[in-house]
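Asker: Before anything else, here's the structure in question.
The values are calculated or read from the model by the stated rules, or taken from the named source; none is laboratory data. Since we're looking at a predicted model, the values are computed, not measured. Quick reminder, even Gly has a Cβ in these numbers, built from the backbone with ideal geometry, and neighbours come from all protein chains shown. What goes into the accessible areas is simple: the full protein's heavy atoms, side chains included, and nothing from ligands, DNA or RNA. Shrake-Rupley method; radii C 1.70, N 1.55, O 1.52, S 1.80 Å.
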Amino acid sequence: MVTLIELAIVFLAIFMGVRHGGLALGFWGGLGLIVLAVVFGVFPTAPPIDVMLIILAVCTAASCMEAVGGLDILVRFAAKIIRAKPKMVGVVAPVVSFFLTFFAGTGNAVYALLPVVYEVSYNAGVRPEPAMAGTAVAGQVGITASPIAAAMAAMIGLFAQNGHGDIGLGQILMITFPACLIGVILGSIICVFFGKDLKNDPAYQARLKAGLVLPPEKLSDRKLPPQAAWSVLIFFGAIVVIVLAGFFPNLRVLPGGTKAVGMALVIEAVMLAAGAFMMLFCKPDVKKIVKSPVMEACVVSITCVFGVAWMSDSFIAANKDVFMQVAGSLAQVAPWLFTFILAGMSALLASQGAPTRAIMPLGFALGINPWYLIAMFPAVNCLFILPTTGPALAAVGMDRSGTTYIGKYILNHSFQLPGLVMVAISVVTAFGLVSFSLNNNSFF
């Protein structure tokens, strides 16, 4: 009974945080932890420091790149790819968004891409909804395939903490990258068959006649400084170093040492070093770095992970025996059901890193095969279930045709179909890759 009351407090804190949005999720997580500790004697675990530091390190480096125009280069390159096949924007744009997240380590880069997607869709006479919604969702799905994402770093750390140090970045990426990419491609192809083109859409035509539809805004074509390209090269160079360190652990063994340095430390140090090189060669305006949209999103992400993940982790640790008794047999008979727990919590927490850090340890505690946990990992991308994320709201606001929408019942919105299809295909594909690999002793 006590455990149920504690669980209700956890969900109440999450609900109140989601209701207020932004930083409030972290604040309510902190209050929930205090209630659990003072009233029920739940001893707080250690805060998820590594996850927060990785978010900070990656975002500060990305903010440096953004301050000198490097992010604009990435977006313009992506825009060229999208404009090359305007009639296929519903498939091309989500794939481009996926790779943008893969390289940037954050789904926030999609904000700059959405106006391009709308412009191309509208001018080609293609319904913007599949492309806009697919782009927003694909940018989130790319998180579980990115070597520098905070959620990925959290996964690596959990494997090391639970006695599976032999499973690192390389092994996880070999499963999640192809699975998530296949999910995005197939999901995008399926979704383009839903909805009418603008010329055949009576709702759009009514809005058009009423003068409620505005043409796309003119996108910025300002000339970028030479150091913008250098910032991109430095940032990509850091990603290459991190990927190589993940695939080849021997590169992480320091002179005179015998044990490889943890990947969390590598990501943190390499990204900070990338920022130092950008400061040296690109001369970014420090004030712009601090006030950049990426840095603002960074503060929100760190606060949310700090409060919610800390509260959830403490609750799980205090009630581990109860969870083991109630869910242990079920998880062993049908471990794939844990996928729905990850999906539901990611929707409530509006984060991939928080449920990975707070809920995934329960999977290890239940004795689920670690390779199956990798297959379930893409399920933490179910942020779209509640249309409260920044990319979703931005897509609705930027689609001036009105085809991308949030319904009056909240759950009936444009992101539900592409999100469910992309994540479902990603998880199923990941399970298939894991089963094939285990049966043939490949990858491992």
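Asker: When the accessible area of the chain is split by element with a 1.4 Å probe, what percent falls to carbon and sulfur?
Answerer: Values: 13610 of 19530 Å².
The C+S portion of the solvent-accessible surface of the chain is 70 percent.
Asker: Continuing with the same structure: Check cross-link reach from K291 to the aspartates and glutamates: straight Cα distance under 18 Å, and skip same-chain residues fewer than eight apart.
Answerer: Of all the aspartates and glutamates, those that pass the test against K291 - Cα under 18 Å, at least 8 places apart if same chain - are E66, D72.
Asker: On average, how much accessible surface per residue is there in the range 1-82, in Å², for a 1.4 Å probe, leaving out ligands, DNA and RNA?
Answerer: Details: 3820 Å² over 82 residues.
I get 47 Å² per residue for the range 1-82.
Asker: If r is the Cβ-Cβ distance from D166 to F43 and R0 is 30 Å, what FRET efficiency results, to the nearest 0.05? Provide the component values of the computation, followed by the final result.
Answerer: Details: r = 31 Å, r/R0 = 1.04.
That pair, D166 with F43, gives E of 0.45.
Asker: Same structure, new question: For the range 112-269, take N as its residue count and report Rg(C-alpha) divided by 2.2 N^0.38 Å.
Answerer: Working: Rg = 21.9 Å, N = 158, 2.2 N^0.38 = 15.1 Å.
After normalising by residue count via 2.2 N^0.38 Å, the value is 1.45.
Asker: Which of the lysines could a cross-linker bridge to K287, judged by Cα under 19 Å and excluding same-chain residues fewer than eight apart?
Answerer: Counting by Cα, and skipping residues close in sequence, K287 has no lysines nearby.
Asker: A further question on this structure: Answer rounded, prolate or oblate for the range 105-191, using the Cα gyration tensor with square roots of eigenvalues a ≥ b ≥ c: rounded when a/c is under 1.5, else prolate when a/b is larger than b/c, else oblate.
Answerer: Details: a/c = 4.47, a/b = 2.48, b/c = 1.80.
It is prolate, given that a/c is not under 1.5 and a/b is the larger ratio.
Asker: Could you tell me the center-to-center distance, by alpha carbons, between the range 159-189 and the range 396-437 in angstrom?
Answerer: 19
Asker: Taking the highest mean first, how do the peptides 176-182, 411-417 order by number of other beta carbon atoms within 10 angstrom per residue? Walk me through the intermediate numbers first.
Answerer: On the way: 176-182: 22.1, 411-417: 19.0.
Result, highest mean Cβ count within 10 Å first: 176-182, 411-417.
Asker: Using 7 Å Cα-to-Cβ label points, what is the V213/F436 separation (nm, one decimal)?
Answerer: 4.3
Asker: Can you work out ³J(HN,Hα) from phi for every residue in the range 187-203, in order, using Karplus 6.51 cos²θ - 1.76 cosθ + 1.60 and θ = phi - 60°, giving whole Hz and x for Gly and Pro?
Answerer: x, 5, 4, 5, 6, 5, 7, 9, x, 8, 5, 4, 5, 10, 9, x, 5
Asker: While we're here: Check the cysteines of the chain one by one and keep only those with no other cysteine Cβ under 4.7 Å from their own.
Answerer: C64, C180, C191, C282, C304, C382 - these cysteines have no disulfide-compatible partner (Cβ-Cβ under 4.7 Å) in the chain.
Asker: Same structure, new question: For K85, list the lysines whose Cα falls under 30 Å from its own Cα; do not include residues on the same chain fewer than 8 positions away.
Answerer: K196, K199, K209, K218, K223
Asker: On full extension of the chain, what length is gained from N369 through K87, given 0.36 nm per residue of separation minus the C-alpha to C-alpha distance? Walk me through the numbers before you get to the answer.
Answerer: Working: separation 282, 0.36 × 282 = 101.52 nm, distance 4.34 nm.
Full extension of this stretch gives 97.2 nm more.
Asker: While we're on this one: Just reorder E66, E268, E296 by solvent-accessible area, largest first, 1.4 Å probe, all chains present. Please report the intermediate quantities before stating the final value.
Answerer: Working: E66 45, E268 20, E296 110 Å².
Order by accessible area, largest first: E296, E66, E268.
Asker: Another one. Which whole-number percent gives the relative contact order of the chain, counting Cα pairs below 8 Å spaced six or more residues apart? Kindly include the intermediate steps, with their values, before the conclusion.
Answerer: Values: 753 pairs, mean separation 119.6, N = 444.
Normalised by residue count, the contact order of the chain is 27 percent.
Asker: Please compute the contact order of the range 1-72 in relative form: average sequence separation of alpha-carbon pairs under 8 Å and at least six residues apart, divided by the residue count, as a percent. Write down the numbers at each step before the final one.
Answerer: On the way: 31 pairs, mean separation 13.5, N = 72.
Computed value for the range 1-72: 19 percent relative contact order.
Asker: To test your reading of the geometry: what angle, between 0 and 90 degrees and rounded to tens, separates the Cα axis of helix 263-281 from the longest principal axis of the chain?
Answerer: Its long axis makes an angle of about 40 degrees.
Asker: Also, quick follow-up: Binned at 20 Å from 0, what are the whole-percent values of the Cα-Cα distance distribution for the chain, short to long?
Answerer: All Cα pairs considered, the percentages come to 26, 57, 17, 0.
Asker: Okay, moving on. Just the number please: accessible area per residue for the range 92-248, 1.4 Å probe, all protein chains included, in Å².
Answerer: Numbers: 6210 Å² over 157 residues.
With the other protein chains kept in place, the range 92-248 gives 40 Å² per residue.
Asker: Express in nm, to one decimal, how much length is gained between F15 and L280 on full extension, taking 0.36 nm for each residue of separation and deducting their alpha carbon distance.
Answerer: Details: separation 265, 0.36 × 265 = 95.40 nm, distance 4.43 nm.
91.0 nm is the gain from fully extending F15 to L280.
Asker: Once the piece of chain linking N123 and A206 is laid out straight, how much longer is it, given 0.36 nm per residue of separation minus the C-alpha distance between them? Could the numbers behind the result be given before it?
Answerer: Numbers: separation 83, 0.36 × 83 = 29.88 nm, distance 1.83 nm.
Length difference between fully extended and current span is 28.1 nm.
Asker: Simple spin-label model, 7 Å along Cα-to-Cβ: M1 to K196 in nm?
Answerer: My value for the distance between the label points is 5.8 nm.
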